[in-house]
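Chemist: Have a look at this one.
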Amino acid sequence: MRFYSNQAMRVWKYLPDPVRRTSVGYAFGRHLHRLVCQNADRKQYVATFFLRNRPELELMRSLADAKPNGSTLKITVLACSKGAEVYSALWTIRQARPDLNVITQAIDISDEILAFAERGVYFRGALDAGTAKDQNAAPSAEYVTRNTHLDQGAPIFERMTPEELEAICDIEGDEARIKPWLREGITWRNGDAGDPKLVDVLGPQDIVVANRFLCHMKPADAEKCLRNIARMVRPGGFIFVSGIDLDVRTKVAQSLNWKPVTKLMREIHNGDSSIRMGWPLEYWGLEPYHSGNSDHGIRYASVFQVEQAS
């Protein structure tokens, strides 16, 4: 099987783009991706980006806009990694709705990366320009550089404009420090998204973000974890779940009667270039939006409304 998948991968690499975009090319890509997933050695990564998926953030802002003036919005971000996506979400929501009391739980299984995220200080330089190369650099500078660059294939700030960077961070030389008003109201907590007891710790949430980590689990484990995560969402609340095997997400969404949020659905699906470019040769790659699928209305939805307790 591995030999066959290697042969298929070579065929894909030589296919011209127009052929890949046809229905036949798409079907071959899906078949190849299944083979890749069957043989993959999956592991977790902490690479991330600020403003990683803009349509996703726009939808989050839209959901926050539906809240009454002065109300409370409870958000949990699972596998929060270096904190970039936590701060991006809060910046998006708070600049649009400063009247809301946004209570945020940021969860990760790694104490080390959680402490780095809570500190909220990042290195601004290129991946090959680390201060760790400077023997005279302070230990704190080495710590910031090392953790900012950990697992990154591209700079963590590459998807931001200079104006957005200055709106979110205070710039101090080569370091960018998250502004105090964005760090307020966040509880950083060590936790496992698959732990059944986590729902009792957090309480019901308006929005649960479970993005870009379930794909690193074997399908059976990812399904079990996603069903547990669903219990954290209050009835009528929303779950954001991209970066997952689409067959797993579709199965769980259908079995739990989740309502797909169709607003910006295609834009969100295509909104993260790093995972879109990985398909079909990487297990974490995301297949292109294909309206020819009979279940495309749920298969390509990355956000769902949970209408009843799971």
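Throughout, read-outs are computed from the coordinates displayed, never taken from laboratory work. Being a predicted model, the structure only gives us computed values, none of them experimental. We place every Cβ from the backbone using ideal geometry, glycine too, and count neighbours over all the protein chains shown.
Chemist: Return the Rg/Rh ratio of the range 53-184 with Cα-based radii and a Kirkwood Rh.
Modeler: Using only Cα positions, Rg/Rh for the range 53-184 is 0.99.
Chemist: List the aspartates and glutamates whose Cα sits under 15 Å from the Cα of Lys218, skipping any in the same chain fewer than 8 residues away.
Modeler: Those aspartates and glutamates meeting the cut-off are Asp41, Asp245, Asp247, Glu282.
Chemist: Which value, in Å to one decimal place, does the Kirkwood hydrodynamic radius take for the range 155-256 when every pair of different Cα atoms is included?
Modeler: Working: mean 1/r = 0.0624 Å⁻¹.
After inverting the pairwise mean of 1/r, the radius is 16.0 Å.
Chemist: Additional query: Rounded to the nearest 500, what is the chain's calculated 222 nm mean residue ellipticity when only DSSP H runs of at least 4 contribute -39500 (n - 2.57) each, over all residues?
Modeler: Value at 222 nm, helices only: -11500 deg cm²/dmol.
Chemist: For a bin width of 10 Å, list the pair-distance distribution of the range 2-79 built from all Cα-Cα distances, rounded to whole %.
Modeler: Values per bin, smallest distances first: 13, 25, 23, 22, 12, 4.
Chemist: Along its principal axes, what span do the Cα atoms of the range 85-129 show, with the longest given first and each in whole Å?
Modeler: Here the Cα extents, ordered largest to smallest, are 41, 25, 13 Å.
Chemist: Starting from the Cα of Ser62, step 7 Å along the direction of its Cβ; do the same at Asn270; then give the gap between the two resulting points in nm.
Modeler: That separation, rounded to one decimal, is 1.6 nm.
Chemist: Can I ask one more? When only Cα pairs under 8 Å and 6 or more residues apart are kept, what is the percent relative contact order across the range 1-136?
Modeler: 21
Chemist: Got the relative contact order for the range 54-306 handy, in percent, Cα pairs under 8 Å and 6 or more residues apart?
Modeler: 19
Chemist: Quick check: pseudo-label points 7 Å beyond the Cα along Cα→Cβ at Val11 and Asp128, how many nm apart are they?
Modeler: 3.7
Chemist: Starting from the alpha-carbon convex hull of the range 243-310, give the projected area averaged over all orientations, in nm².
Modeler: Working: hull surface 18.6 nm².
Projected area, direction-averaged: 4.6 nm².
Chemist: Pulled fully out, how much extra length does the chain show between Gln38 and Met277, if you take 0.36 nm times their separation in residues and subtract their Cα-Cα distance? Walk me through the numbers before you get to the answer.
Modeler: Values: separation 239, 0.36 × 239 = 86.04 nm, distance 1.94 nm.
The span from Gln38 to Met277 would gain 84.1 nm if fully extended.
Chemist: So if the hydrodynamic radius of the chain is defined as the Kirkwood radius over C-alpha pairs, what does Stokes-Einstein give as its diffusion coefficient at 20 °C and 1.002 mPa s, in µm² per second?
Modeler: Answer, rounded: 105 µm²/s.
Chemist: A further question on this structure: Would you mind pulling out the separation of the Cα centroids of the range 43-67 and the range 284-298, in Å?
Modeler: Measuring centre to centre over Cα atoms gives 20 Å.
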